[in-house]
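The values are calculated or read from the model by the stated rules, or taken from the named source; none is laboratory data. Quick caveat: nothing in here was measured; it's all calculated off a predicted structure. Using ideal geometry, Cβ is built from the backbone for each residue, glycine included, and neighbour counts are taken over all protein chains shown. Please note that ligands, DNA and RNA were not included when accessible areas were found on the heavy atoms of the full protein model with its side chains. Shrake-Rupley method; radii C 1.70, N 1.55, O 1.52, S 1.80 Å.
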Amino acid sequence: MIEKNDVLMTRPSWIEVDLKAINYNAQLIMRHAGANRLIAVVKANAYGHGAVAVTKSLYDIGVRDFAVATIDEGIVLRKHLPKNNVNIILLGVQDVSHVRLMLTHRLSPAVGELEWLQEAEQLIDDGEILDIQLAVDTGMGRMGAHSETAVQAMYDKILSSTKLNLSGIFTHFATADDENQNYYDEQIDNFYKWVQSANIPKSYWHLANSGSALWHYHQINTDTIRVGSVLYGYNPGAPDLPMPIITKNVLSLKSRIGAVHKLQVGESLSYGATYTAQYSQWVATLPIGYADGYLRRMTGMKVLVGGQEEHVIGRITMDQLVITLDRQYPVGTIVTLIGRDGDKEITLENFADYAHTIPHEILTSFGQRLSRIYK
Ligand SMILES: *Cc1c(COP(=O)(O)O)cnc(C)c1O
């Protein structure tokens, strides 16, 4: 039994997070992109890695800007980080009625509409100031000022208000991690045109997400990058684009064998009895299932036991799954579902590829029941 962060690990399936690797990746991507300021994107519980542990670790190497999606996420971070010198940005659309919460916890919302600013002013008392991140929609189509005049009008509004302060202006790229260079170029052109015509100083700009910082840094000569994926060590452009830098892997997913038994010829297992033994074989049950984010469609996927490849067989259930074994292993043997065992490795990219999705979705599907253990 492993005890960690006051959680009794009575169910031995867990995620290991290498915080030093995150710090390393942060410094590496900044060097690669020629940036001197990092806005670390830690939304969705730091892409499943644990937002509080990840932000504290990055804080220790000098990161002072963090971005989340929701007010709730922002409040949790504010509670756990030093009060005075940390900026917390809210990237999602926020209802203006929550302005008082944003003031109390000093959260800077991304705002893309003039009306939002006007309504917010009514809710802010004299002497109070709300930091605004001006969102510019250059092609993502989710939120943001969508023309030269809209950007100008919002900037003017912020400048003329005693209750609003500009803390940044940004746009988000739709194709930075694929091969659609033209669409990317158009987004950059729009941003430069609109923001320069409004005379918004460059020190406020932040544009680069991971794909942009990895593959397009020469087009974005701003001091600040705003990245998530690359911090966590995986390739956001996989499998089409190779990584231009060598990041360190951050996350492993592990479990311990809970039960071992021999399946006789003709015997089947799990729901639907979809797997039937063709020969007598050892199998093991692991205490992890689709409720933990080990998706139901992962049947047939590799796992590593004792440095060897084995496979998931039969239907994956909510809390348990079954794997092949080449011989009888003791209960309690560690099984690696993502990560390295000896000279074999299952990467997050392999896992996502098998699931026909992207690594981001796999990471954010890992359930609350999995303990996060930090190295
Ligand atoms: C999620 C997000 C990011 C981070 O994207 P990565 O590709 O993971 O680096 C940056 N900016 C905005 C607005 C986002 O929503």
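General observations
- Of all the options 113, 309, 267, the one that moves most in a Gaussian network model of the chain with Cα springs shorter than 10 angstrom is 267.
- Stretching residue 221 away from residue 296 to a fully extended chain increases their span by 22.6 nm, per 0.36 nm per residue minus the current alpha-carbon distance.
- Proximal charge balance of residue 21 [Cβ under 9 Å; K/R count +1, D/E count -1]: +2
- Length-normalised contact order of the chain in % [C-alpha pairs under 8 Å, at least 6 apart]: 18
- A crude spin-label estimate for the pair residue 10 and residue 106, with each label 7 Å from Cα along the Cβ direction, gives 4.1 nm.
- Gyration tensor over alpha-carbon atoms, region 19-232, equivalent ellipsoid semi-axes in Å: 25, 23, 14
- The heavy atoms of residue 155 offer some 30 square angstrom of accessible surface to a 1.4 angstrom probe.
- Area of residue 14 that stays accessible when all protein chains are in place (1.4 Å probe, Å², to 10): 10
- The value of relative contact order for region 19-232, using C-alpha pairs under 8 Å at least six residues apart, is 22 percent.
- Within the chain, DSSP assigns beta bridges of which about 55% are antiparallel (rounded to the nearest 5).
- Across region 344-370, the residues whose backbone nitrogen lies under 19 Å from the label position 7 Å along the beta-carbon direction of residue 274 are 351-357.
- Among 174, 259, 273, the residue with the largest mean-square fluctuation in a Gaussian network model of the chain, with springs joining Cα atoms closer than 10 Å, is 273.
- Pairwise label distance in nanometres, residue 180 with residue 334, each label 7 Å out on the Cα-Cβ vector: 4.2
- With Cα atoms, 0 to 90° folded angle of helix 19-33 axis to the chain main axis: 50
- Spacing of the modelled spin labels on residue 64 and residue 245, each 7 Å from Cα toward Cβ, amounts to 2.1 nm.
- Relative contact order [Cα under 8 Å, 6+ residues apart], region 215-347, whole percent: 24
- Global dimensions of the chain from alpha-carbon coordinates: Rg and Dmax equal 23.7, 79 Å.
- Residue list for region 343-369, given a label point 7 angstrom along the Cα-to-Cβ vector of residue 308 and an amide N cut-off under 18 Å: 343-346
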